Amino acid sequence: MKDSSIWIERFRPRDFKEIIGQDAIVKRIEAFVKQKNLPHLLLSGPAGVGKSSLALVAAKQLFGDSWRQNFLELNASDDRGIDVVRNTIKDFARTKSIGNSPFKIILLDESDSLTRDAQQALRRTMEQYSRTCRFILSCNYSSRIIDPIQSRCTVFRFKPLEKESINKIIDNISKEEKLKVNDKARAALIYVSGGDVRRLENVMQSCSTMSREITEELVYEIISAAKPKEIREILDFAVKGKFENARDKLLDVMLKHGLSGLDIIKQIQSEIWSLDLKDERKIELVDKCGEVEFRMVEGSDEYLQLESLLANFMKK
Amino acid sequence: MINEYKPNKLNEIIGQDTKKILDWINSGRKKSLLIHGPTGTGKTASVYALAKEFNYEILEMNSSDFRKKEHIKNIAGEASQQQSLFGKKKIILIDEVDGISGRKDFGGLAELNKVIEKSKHPIILTGNEIFDSKFNALRRKSELLEFKAVNYLEIFNLLKKICDEGKVGYSEKELKNLARKNNGDVRASILDLERSIVNKKFVESFDERDYKEKIEDALRLVFKSKDVKVLLNAFSRVDEDLNEILLWLDENLSEEYSDEDLKRAYEKLSKVDVYRGRILRRQYYRFLVYQSALMSVGVGLSKAEKRNGFVEYKRPSRILKMWIAKQRNMKRKSIAEKIAKKTHSSVKNAYKEFPILVNFLNEDGVANELELDDDEIEFLRGEK
């Protein structure tokens, strides 16, 4: 994969040595792989800390050249229903592995977004076919995985990457890609990535299309284009009585960032407390948010409902 | 009388270029012909004239029929596949396409597009207003033919001919007035003539036809008046469906109301919208009563005092903007799917990170690796 043009693939670790951070977990899994045996695994932890990468490395080491035939990767946040478990997963799990490996592996990414029904269906499959197929489930929150599945898995909890590890990754990439990253830019990268390496690498690749020298400003420029800050502006317009500006901006934000009404109302609701209003008014407005959110969930027109909410922000 | 004067041949239609219909049917260029233009200019009549003259069988579906997806599939869809009973050639006529309602005839337009693609018989569609975006696909698929309002002199000549044939006495001046009155609507003119003839004599003319009220006038009533009687009937003669009116109200409300009035009125609209949702989900149309009352009386009484001053109302722009954004987001999604496939990520995540990714997706190597098509590359160029 070294030759991929997309950095998150180009710099994905190819063997256990290349995985940065998570030392204890890597060691344990490497030991499993050496014994040519792998229990069902549940890898839990924040985004972009190496869960999928570790699973991929394990599969490649176990299966060698035939890894593609023996490895199925599914993303549960895209196919989260029971049908996937009953069809795709089952079909793959019950057929024999290819080559001299005794079993196959299914990597089920973001498995905490599987519906409960799907999880229930999965639990039987895991047991029934455990001879021919091992599961690696990854998730952000293990609490969303039902107990029977957790009890069938060996659980590993990934921690957010330490600053040191992220620095190593930045060094590595800037060396390979001949980038200059000064200290301030480095701090900015660490801050905006929030420990998510996928994000870090995406931001770095974005920066690199503009300049070989990454600066703090460049990093924030890239990020600010991606982050809707306009909710506050909308509310400020409304509070000042500039209703039309507020509603135009609202539509603009929803359409430009492809945000749903529910996305917006979540932000409005948390923004209310910092507005320059009397506390009694604030709680009134929060109450109103609840009502509007309820109407939206019931299936009303999101924009119209938000407009009616904004009308309430106008001062008396 | 109007039936008596139904044209039997294409060239009896006045004021329109009806040869184009023949051209189309003989050319086999496109499977459907969309005749559009104002009421009473001969759109439907020319289809029937064509059928009579050239011996076609007509299968007609008009807006008095339900036109949900299933209906169109059942009726037009099947007819489009069958041969005619006696081996007669068939024309399928979908009259008044603009009467296909977006909501109540849900899926109807999409089905119609399918029927056109599959049909073995020529299809003629007629409509008044066909430039709404929901007819985009239909317009693209069909050959278009515009019928114009008919010049009053041509109407006058026709009326004269009718009177002469029926041996009715008339004065040219009165007949001309009559021809002028209906803004190029031939059907209305013949009807008027019929009603003005008593005992083979042309008598006193009569009141103007009560033309549909414009939505702007109805809005003005609602925004300005506080009289319940006036408000209650404000929208009754407007030729738009309630949901369309709701969009108009929403677009223009803040031009008229402010502060507390605005807040109260929006509360009403918000409730209207809740009812609208319930109607849709439960197919319980009784709720229309409440929707309608809240929209007219509810909004009207939301103002503390009667209001003066003239406001120019704007056409709702939101739907168009949303449509454009939706197209955009669909492109985004299809690109996100390609990213997800190549990078061990979820589509959701790629979609979320899109604003960051967009910076390098169009680099040569990346676009190639993701197998982006020309459309997507073009789209990205605009996004960056």
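Which residues, taken from region B:284-337, are within 14 Å of chain A (Cβ to nearest Cβ), among the small types (Gly, Ala, Ser) and surrounded by 13 or more Cβ atoms within 10 Å (Cβ to Cβ)?
Listed by number, the residues that qualify are B:298, B:302, B:325, B:334, B:336.
In region A:203-232, which residues are without any contact (Cβ under 8 Å) to a residue 12 or more places away in the chain, assigned to a helix (DSSP H, G or I) and facing another protein chain (nearest Cβ under 8 Å)?
Correct list: A:225, A:226.
Among the numbered criteria (1) assigned by TED's automatic domain parsing to the domain that holds residue B:95; (2) free of Cβ contacts under 8 Å to residues at least 12 places away in the same chain, which single criterion is violated by residue B:195?
Only one criterion is unmet by residue B:195, namely (1).
Of the conditions (1) at negative phi; (2) small (Gly, Ala, Ser); (3) modelled with pLDDT under 90, residue A:187 satisfies every one except a single condition; which number is it?
(3)
With surrounded by fewer than 19 Cβ atoms within 10 Å (Cβ to Cβ), within 30 Å of residue B:118 (Cα to Cα), in contact (Cβ under 8 Å) with a residue 40 or more places away in the chain and charged (D, E, K, R) as the only criterion, which of B:134, B:141, B:148 stands out?
Numbers: B:134 fails: in contact (Cβ under 8 Å) with a residue 40 or more places away in the chain; B:148 fails: within 30 Å of residue B:118 (Cα to Cα).
After applying the criteria, what remains is B:141.
With region B:106-185 as the region, which helices (runs of 4 or more DSSP H) entirely inside it contain at least 1 residues that are within 27 Å of residue B:197 (Cβ to Cβ)?
Because the criterion is at least 1 residues that are within 27 Å of residue B:197 (Cβ to Cβ), the helices (runs of 4 or more DSSP H) in region B:106-185 that meet it are B:152-165, B:172-181.
Do you know which residues across region A:36-66 are closer than 20 Å to residue A:112 by Cβ and assigned to a loop (DSSP other than H, G, I, E, B)?
Listed by number, the residues that qualify are A:39, A:40, A:45, A:46, A:47, A:48, A:49, A:50.
Each row is one residue, and each column tells you yes or no for (1) over 26 Å from the mean Cα position of the chain (by Cα); (2) over 14 Å from residue A:40 (Cα atoms); (3) in a loop (DSSP other than H, G, I, E, B).
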{"position": "A:77", "(1), (2), (3)": "no, yes, yes"}
{"position": "A:87", "(1), (2), (3)": "no, yes, no"}
{"position": "A:92", "(1), (2), (3)": "no, yes, no"}
{"position": "A:99", "(1), (2), (3)": "yes, yes, yes"}
{"position": "A:105", "(1), (2), (3)": "no, no, no"}
{"position": "A:117", "(1), (2), (3)": "no, yes, no"}
{"position": "A:130", "(1), (2), (3)": "yes, no, yes"}
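So which residues in region A:187-211 are farther than 18 Å from residue A:11 by Cα and either among the β-branched types (Val, Ile, Thr) or out of contact with any helix residue (DSSP H, G or I) (no Cβ under 6 Å at 6 or more places or on another chain) (or both), if there are any at all?
A:187, A:191, A:192, A:194, A:210, A:211
Residue by residue through region B:172-188, note down the ones that are within 29 Å of the chain's Cα centre (by Cα) and either farther than 24 Å from residue B:46 by Cβ or in contact (Cβ under 8 Å) with a residue 60 or more places away in the chain (or both).
Those that are within 29 Å of the chain's Cα centre (by Cα) and either farther than 24 Å from residue B:46 by Cβ or in contact (Cβ under 8 Å) with a residue 60 or more places away in the chain (or both): B:182, B:183, B:184, B:185, B:186, B:187, B:188.
Answer with yes or no whether residue A:288 is of a type in the set (D, E, K, R), within 20 Å of residue B:273 (Cβ to Cβ) and more than 8 Å from every other protein chain (Cβ to nearest Cβ).
Against the criterion (of a type in the set (D, E, K, R), within 20 Å of residue B:273 (Cβ to Cβ) and more than 8 Å from every other protein chain (Cβ to nearest Cβ)), residue A:288 qualifies.
Can you give me the number of residues within region A:79-110 that are surrounded by fewer than 18 Cβ atoms within 10 Å (Cβ to Cβ), over 25 Å from residue A:14 (Cα atoms) and without any contact (Cβ under 8 Å) to a residue 12 or more places away in the chain?
3
Which one is nearest to residue A:3 (Cα to Cα) among residues in region A:173-187 that are more than 14 Å from chain B (Cβ to nearest Cβ) and part of a helix (DSSP H, G or I)?
The selected residue is A:176.
Only one residue in A:235, A:304 is assigned to a helix (DSSP H, G or I), surrounded by 20 or more Cβ atoms within 10 Å (Cβ to Cβ), hydrophobic (A, V, I, L, M, F, W, C) and within 11 Å of chain B (Cβ to nearest Cβ), so which one is that?
Checking each option against the conditions leaves just A:304.
Return the residues of region A:253-301 that are among the β-branched types (Val, Ile, Thr), under 14 Å from residue B:270 (Cα atoms) and over 27 Å from the mean Cα position of the chain (by Cα); say none if nothing qualifies.
A:292 - this is the single residue of region A:253-301 that is among the β-branched types (Val, Ile, Thr), under 14 Å from residue B:270 (Cα atoms) and over 27 Å from the mean Cα position of the chain (by Cα).
Could you please give the count of residues in region B:230-280 that are in a loop (DSSP other than H, G, I, E, B), closer than 21 Å to residue B:312 by Cβ and either at the interface with another protein chain (Cβ under 8 Å from one of its Cβ atoms) or under 26 Å from the mean Cα position of the chain (by Cα) (or both)?
Final tally of qualifying residues: 5.
Which one is farthest from residue A:176 (Cα to Cα), of the residues in region A:1-40 that are basic (Lys, Arg) and within 21 Å of the chain's Cα centre (by Cα)?
Kept after step one, since they are basic (Lys, Arg), are these residues of region A:1-40: A:2, A:10, A:12, A:14, A:17, A:27-28, A:34, A:36.
Of the ones still in play, those that are also within 21 Å of the chain's Cα centre (by Cα) are A:10, A:12.
Working: A:10: 10, A:12: 13 Å.
That would be A:12.
From the list A:200, A:259, pick out the single residue that is touching a residue at least 12 places away in the same chain (Cβ under 8 Å), within 11 Å of chain B (Cβ to nearest Cβ), assigned to a loop (DSSP other than H, G, I, E, B) and under 30 Å from residue A:51 (Cβ atoms).
When all the criteria are applied, what remains is A:259.
Tell me, which residue of region A:244-256 that is surrounded by 20 or more Cβ atoms within 10 Å (Cβ to Cβ) and modelled with pLDDT of 90 or more is nearest to the other protein chains (Cβ to nearest Cβ)?
My answer is A:247.
The values are calculated or read from the model by the stated rules, or taken from the named source; none is laboratory data. As the structure is a computational prediction, the values presented were derived from the model and not from experiment. Methodologically, a virtual Cβ is constructed for each residue, glycine included, from the backbone with ideal geometry; neighbour enumeration extends over all protein chains shown.
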